[in-house]
Amino acid sequence: MNYSRLKSYPGLSREDLSLHLVEATARILPEVSDGPRAWVRRLFEGRGGHLHLETTVVSATDGHVVLSDGSEFDTDLIIWSAGNAATRLVRGHTDLPVTTRGLIQTRPDLRVGTDDEIVPDAWAAGDDAAIPDLAVPGSLTVPNAQNAVRQGKLLAKNLLANLRGREPKEYRHSSLGAVATLGLGTGIFQFRRIVVRGPLAWLMHRGYHVLAVPTWDRKVRVLAIWLAAAFYGRDIVSLASVQQPRAAFTTEADSTTP
Ligand SMILES: Cc1cc2nc3c(=O)[nH]c(=O)nc-3n(C[C@H](O)[C@H](O)[C@H](O)COP(=O)(O)OP(=O)(O)OC[C@H]3O[C@@H](n4cnc5c(N)ncnc54)[C@H](O)[C@@H]3O)c2cc1C
């Protein structure tokens with residue numbers, strides 16, 4: 001963990017902070033191989049993080065968390081990031097064919113249907129579409145922005161082709177590798193056997209993401225905010241008003257009521 005932000009919160013000390021990462025399987029970062037993964041684990045634990053592998057959350061009530069490995073602790077913040085699911089609308093409120101996970105059954109050319117049967121005038125792309133991954137036979141394309149953005153562009157081209165009486169093209173995208181930041185200024189990148197660690201991987205991650213932001217207008221805005229943060233530090237914002245937007249009004253009203 002990066003404790004440099006503590007100076008912005010005089011009411012907090014290093015001892016008040018503790019991070020537990022709970023993972024149901026036997027490994028974190030499945031996208032990278034064993035060596036780089038072990039390095040990430042050492043980095044995480046070296047910063048004081050607690051890693052619980054092959055562990056699930058049994059309960060989280062009134063700020064008290066119990067884990068299946070027997071450990072329990074109090075916490076003020078829980079970040080739940082365990083998987084995603086198809087929206088209820090797609091899962092149960094259309095007559096489109098869906099998989100057992102509720103995703104829309106989609107062909108590699110992004111038309112809804114199977115190899116044998118096409119649903120006329122129905123197309124799908126993105127997280128909720130079950131699209132066969134032609135680069136990894138036997139699997140579906142991974143629900144991430146890399147695929148969603150490319151599928152969206154192909155879907156538009158295929159719609160146009162269809163209107164002009166041409167055959168739609170199939171979606172095929174080979175992974176460009178995995179990249180992740182591990183806090184400010186460090187990260188990891190892996191493409192096949194090429195592994196980059198530390199500040200260079202962090203820069204690659206930032207560079208890739210700014211290039212992936214749609215439109216030049218947005219790219220410049222995002223880059224400007226990052227550059228400002230590099231010189232002046234992160235912009236600190238209180239989330240209290242987001243969680244309880246009425247609180248400021250009621251407090252003010254109470255204080256001015258005679
Ligand atoms: C915290 C987080 C971090 C992520 N980080 C990465 C990353 O680093 N790299 C990466 O590649 N991917 C990342 N992803 C995944 C990526 O965001 C998704 O794969 C991608 O946004 C999927 O695009 P989509 O168009 O299919 O769905 P979405 O982007 O979810 O868009 C669906 C849209 O449909 C709208 N909608 C829903 N229901 C209805 C309705 N009934 N009527 C009308 N509109 C409706 C929603 O409001 C939404 O705007 C991340 C996701 C999350 C949650």
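Here the dipole of region 1-136 is about 540 debye; that uses its Cα centre as origin and unit charges on the Cβ of Lys and Arg (positive) and Asp and Glu (negative). If I take every Cα pair under 8 Å that is 6 or more residues apart in region 88-163, average their sequence separation and divide by the length, what percent do I get for the relative contact order? 22 percent. Across all directions, the average flat footprint of the convex hull enclosing the Cα atoms of region 5-130 is 12.5 nm².
Scanning residues 5 or more positions from G187 or on other chains, those with amide H under 5 Å from its amide H are L182, G198, A201, W202, with H placed 1.01 Å from N in the peptide plane.
Across q = 0.14, 0.17, 0.27 Å⁻¹, region 88-163 modelled as identical point scatterers on its alpha-carbon atoms has Debye log10 I(q)/I(0) values of -0.41, -0.61, -1.42, in the order of the q list. Relative to the longest principal axis of the Cα atoms of the chain, the long axis of helix 34-46 makes an angle of roughly 20 degrees. Ranking H93, T106, S139 by how far each Cα lies toward the positive end of the dipole of region 80-145 (charges on Cβ) leaves H93 at the top.
For region 154-258, trypsin sites (Lys or Arg not before Pro) meeting the loop criterion (DSSP other than H, G, I, E, B) and having at most 14 other Cβ atoms within 10 Å: R164, R166, K169, R172, R192, R193, R234, R246. Derived scalar couplings between HN and Hα for region 58-71 equal 7, 7, 9, 10, 6, x, 10, 10, 10, 10, 6, 7, x, 7 Hz in order, rounded to whole Hz, by the Karplus curve 6.51 cos²θ - 1.76 cosθ + 1.60 (θ = phi - 60°), x for Gly and Pro. Modelled spin-label separation between S33 and R206, with each label point placed 7 Å from Cα along the Cα-to-Cβ direction: 2.9 nm. Computing Rg and the Kirkwood Rh from the Cα coordinates of the chain gives a ratio, Rg/Rh, of 1.03.
Since every read-out is calculated from the coordinates, none of them should be taken as a lab result. Note that the coordinates shown come from a computational prediction; the quantities given were computed from them, not determined experimentally. Using ideal geometry, Cβ is built from the backbone for each residue, glycine included, and neighbour counts are taken over all protein chains shown.
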